[in-house]
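These notes are about the structure you will find just below.
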Amino acid sequence: MSLRWLWAGCVALSLVGCSKPELDVQALVYEPAKKINAFTLQDQHSAEVGVAQLQGQWDLVFLGYTSCPDVCPMTLAKLSQVVSNLGRKDLNVWFVSVDPNRDTAAKRRQYITYFNPEFKAVSGPHAQLYPFVQNLGLIYAITEEQTGNYLVDHSASVVLVDPDGFIRAIFKPEYAVGSVPTINTEIMTNELQAIINHYSS
């Protein structure tokens, strides 16, 4: 074998060795990542937030509302556990209230502080809220009257936003007859770590 062919073979082997292994996860992973369009909402301190606040760290984004009887508090508790399990300072949670009529900044602040005061609890008028939610690949539906103790239908999935402010993955909840659809804490912890490692290397 000539030296030229031997060198070429070594280069080929080194390239194969450097390729990333396939991600083996249940989450829906976007490749390439999906852009988040410009938006303006308000956090629990009445400060404006937009795409810039979704940059520089990994964020988990979840829809809900403070009057939600089951899936919202259960999911936020599980997300708190996931964040605690990973122990990463570059990981945060956004709780997006899709009930701006009842969920004032003060109410969102009180609600999210119970789970983790570092989490963001954002909302805004439906004219700004709905396009943002749709861009995330999620959905919600609310009654026009919005009086009394009404319920709000919304996605139970959790969106992962990468440090560039792009949608990297969506974690789907588990569904079982007679149970509230929520994420699996152990599976999400393991898959989230795998995804972060994969795209951070």
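Can you give the FRET efficiency to the nearest 0.05 for ALA141 and GLN193, using r as the Cβ-Cβ distance and R₀ = 45 Å? Please report the intermediate quantities before stating the final value.
Values: r = 33 Å, r/R0 = 0.74.
Plugging the Cβ-Cβ distance into 1/(1 + (r/R0)^6) gives 0.85.
I need the Kirkwood Rh of region 49-157: take the reciprocal of the average 1/r across all distinct C-alpha pairs and report it in angstrom.
Numbers: mean 1/r = 0.0697 Å⁻¹.
Result for region 49-157 stands at 14.3 Å.
Convert each backbone phi in region 90-98 into a coupling constant with the Karplus relation 6.51 cos²θ - 1.76 cosθ + 1.60 (shift: θ = phi - 60°), then list the ³J(HN,Hα) values in order as whole Hz, x for Gly and Pro.
Along region 90-98, the couplings run 9, 10, 9, 10, 10, 9, 9, 6, 9 Hz.
Counting only protein heavy atoms and a 1.4 Å probe, tell me what percentage of the chain's accessible area is made up of carbon and sulfur. Before the final figure, lay out each step's value.
Details: 5900 of 10820 Å².
The C+S portion of the solvent-accessible surface of the chain is 55 percent.
Please report, to two decimal places, log10 I(q)/I(0) for region 53-101 at q = 0.19, 0.26 Å⁻¹ as given by the Debye formula with identical point scatterers on the Cα atoms and no solvent.
One equal scatterer on each Cα of region 53-101 leads to -0.66, -0.99.
Excluding residues on the same chain fewer than 8 positions from LYS107, give the aspartates and glutamates whose Cα lies under 12 Å from its Cα.
By straight Cα distance, LYS107 reaches ASP43, ASP99.
Per residue, what volume in Å³ does the convex hull of the Cα atoms of the chain enclose?
On the way: hull volume 28.6 nm³, N = 201.
In the chain, the Cα convex hull volume per residue is 142 Å³.
Would you mind checking the tilt of helix 185-200 against the longest principal axis of the Cα atoms of the chain, expressed as 0 to 90 degrees and rounded to 10?
Roughly 50 degrees between the two axes.
The values are calculated or read from the model by the stated rules, or taken from the named source; none is laboratory data. As the structure is a computational prediction, the values presented were derived from the model and not from experiment. Because the Cβ atoms are built from the backbone with ideal geometry, glycine has one as well, and the counts that use them run over all protein chains shown. Note: areas computed on protein heavy atoms with side chains; ligands, DNA, RNA excluded. Shrake-Rupley method; radii C 1.70, N 1.55, O 1.52, S 1.80 Å.
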